[in-house]
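Undergrad: Dropping a structure here in structure tokens format, bear with me for questions.
The values are calculated or read from the model by the stated rules, or taken from the named source; none is laboratory data. Note that the structure is predicted; figures quoted are calculated from it, not measured. Methodologically, a virtual Cβ is constructed for each residue, glycine included, from the backbone with ideal geometry; neighbour enumeration extends over all protein chains shown. Note: accessible area is taken over every heavy atom of the protein model, side chains too, but ligands, DNA and RNA are not part of it. Shrake-Rupley method; radii C 1.70, N 1.55, O 1.52, S 1.80 Å.
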Amino acid sequence: MPADLIRIVSRDSPMALAQVERVRAELAEFHPGIRTEVVPVRTTGDKWMGDLSAVEGKGAFTKEVDQALLAGEADLAVHCVKDIPADRPLPAGTVFAAFLRRDDIRDALIHPGGLTLDELPSGTRIGTSSVRRAAQLAASHPHLDCVPMRGNANRRLEKLAGGEADALLLAVSGLERIGRTDVITEVLSPEVMCPPIGAGVLALQCREGDDAVIDLVSGLGDPAAYRETTAERMFLHVLQGHCNSPIAGYAQVERNGDLSLRAKVFTPDGKTVLNAHEWAGALDPATLGTSVAVALLRQGARELIDGIAH
């Protein structure tokens, strides 16, 4: 392989390929002499339209990408951090080289009639397969019905147009990446709809020991995104949350550099909500993540998570 070529492996969905284009653009800006090519793969999660827990949960979106990296068929993988399981380590032989500057972490409501979440009438069918969204809606808007809906954002918009649901909840960052912010009816604050761990962050993953590529791409990393993501992923790791666990949370670096982490654990019916919010002070991000997880474990999060089938 030429020294000036980086092969980037990615899921073949429009969203994933848009994410790769962002990485290619940033790499071209940092290292004008470097060429990139895309190695698209079809993942289990993209092929399987049933319940994700039946196909290893979130690892369904990363396994084939990891395999291409480890087999030497590619040099760099681009992942949404929210899709990378945190209850087990990264695949042996791979490392994170950078977390890119964070995009919008919020969720958006899409309603063809232009209604906001609070205006939706009883019985409105919300298309989502996210246990995190469903649990929060059950807690805050129990009169709304969630209907299972998977597929990439474009596919879900087609299903909405086809009448399979009356409204959708999608990530703002995803809609921005595919150029479809025109469909957004309302952007929901994190207080209304707490985001998933790792929301809006793209991770660059390399083979361990591939120092040439790691050195090239690490310059794209954002220090605030690194601190926030490290805290969030350690939180999820300590909780040992699985893909059927309604867990939400986000860390935030303030302008003065202070780091905080707010997190919640729900029962799927939304009837129990555990809350924690801590500031790091002098703590490092991983210690903050651990501390918030312990605060929720003290409130009974372990029993709550273990009581959910997966």
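Undergrad: Suppose we look only past 22 Å in the calculated P(r) of the range 58-153. What percent of the Cα-Cα pairs does that tail hold? If you can, show how the numbers build up before the last one.
TA: Values: 2167 of 4560 pairs.
Everything past 22 Å amounts to 48 percent.
Undergrad: Report, by chain and number, residues whose modeled amide H sits under 5 Å from the one on residue 240, excluding near sequence neighbours (fewer than 5 apart, same chain).
TA: Long-range HN contacts for residue 240: none found.
Undergrad: At 7 Å along Cα-to-Cβ for each site, give me the label-to-label distance between residue 73 and residue 118 in nm.
TA: According to this spin-label approximation, the distance is 5.1 nm.
Undergrad: D for the range 112-220, whole µm²/s, Stokes-Einstein with Kirkwood Rh over alpha-carbon pairs at 10 °C and 1.306 mPa s: what number? Intermediate results must be reported in sequence, preceding the final value.
TA: Numbers: Rh = 15.9 Å.
Approximately 100 µm²/s, per Stokes-Einstein.
Undergrad: What span do the alpha-carbon atoms of the range 186-267 cover on each of the three principal axes, reported in whole Å from largest to smallest?
TA: Per principal axis, max minus min of the Cα coordinates gives 45, 32, 26 Å.
Undergrad: Please report the base-10 log of the normalised intensity I(q)/I(0) for the range 232-310, using a Debye sum with one equal scatterer per alpha carbon and no solvent, at each q in 0.11, 0.16, 0.21 (1/Å).
TA: Rounded to two decimals, the profile gives -0.27, -0.54, -0.85.
Undergrad: Here is a further query. Taking 0.36 nm per intervening residue step and subtracting the Cα-Cα distance, what contour gain separates residue 30 from residue 271 on full extension?
TA: On the way: separation 241, 0.36 × 241 = 86.76 nm, distance 4.91 nm.
Going from the current span to full extension adds 81.9 nm.
Undergrad: Under 23 Å between C-alpha atoms is the cut-off here; go through the chain and count lysine pairs that meet it, provided they're at least eight residues apart or on different chains.
TA: 9
Undergrad: Based on the Cβ-Cβ distance from residue 303 to residue 92, what FRET efficiency comes out when R0 is 45 Å, to the nearest 0.05?
TA: Numbers: r = 32 Å, r/R0 = 0.70.
Efficiency at R0 = 45 Å is approximately 0.90.
Undergrad: Next question. Where only protein heavy atoms count, and the probe is 1.4 Å, what is the accessible area per residue for the chain in Å²?
TA: Here the per-residue accessible area is 43 Å².
Undergrad: At R0 = 25 Å, how high is the FRET efficiency between residue 22 and residue 283 if r is their beta carbon distance? Nearest 0.05 is fine.
TA: The pair residue 22/residue 283 has a calculated efficiency of 0.20.
Undergrad: Considering all projection directions equally, how large on average is the shadow of the alpha-carbon convex hull of the chain, in square nanometres? Intermediate values should be presented prior to the final figure.
TA: Details: hull surface 63.0 nm².
Hull-based average projected area comes out at 15.7 nm².
Undergrad: How far is it, in nm, from the label point at residue 218 to the one at residue 187 when both lie 7 Å from their Cα along the line to the Cβ?
TA: So the two model labels end up 3.4 nm from each other.
Undergrad: At 7 Å along Cα-to-Cβ for each site, give me the label-to-label distance between residue 240 and residue 143 in nm.
TA: Output for this residue pair reads 4.1 nm.
Undergrad: Please list 258, 66, 118 in order of solvent-accessible area, largest first, computed with a 1.4 Å probe with all protein chains present.
TA: Final ranking, largest accessible area leading: 118, 258, 66.
Undergrad: Indicate the gyration tensor shape class of the range 194-233 (rounded, prolate or oblate), computed on the Cα atoms with a ≥ b ≥ c the square roots of the eigenvalues: a/c under 1.5 is rounded; otherwise a/b larger than b/c is prolate and the rest oblate.
TA: prolate
Undergrad: Can you grab the distance from the C-alpha centre of the range 8-27 to the C-alpha centre of the range 256-310, Å, no decimals?
TA: 32
Undergrad: Over all distinct alpha-carbon pairs, what is the Kirkwood Rh of the range 161-310 in angstrom?
TA: In the range 161-310 this quantity evaluates to 17.3 Å.
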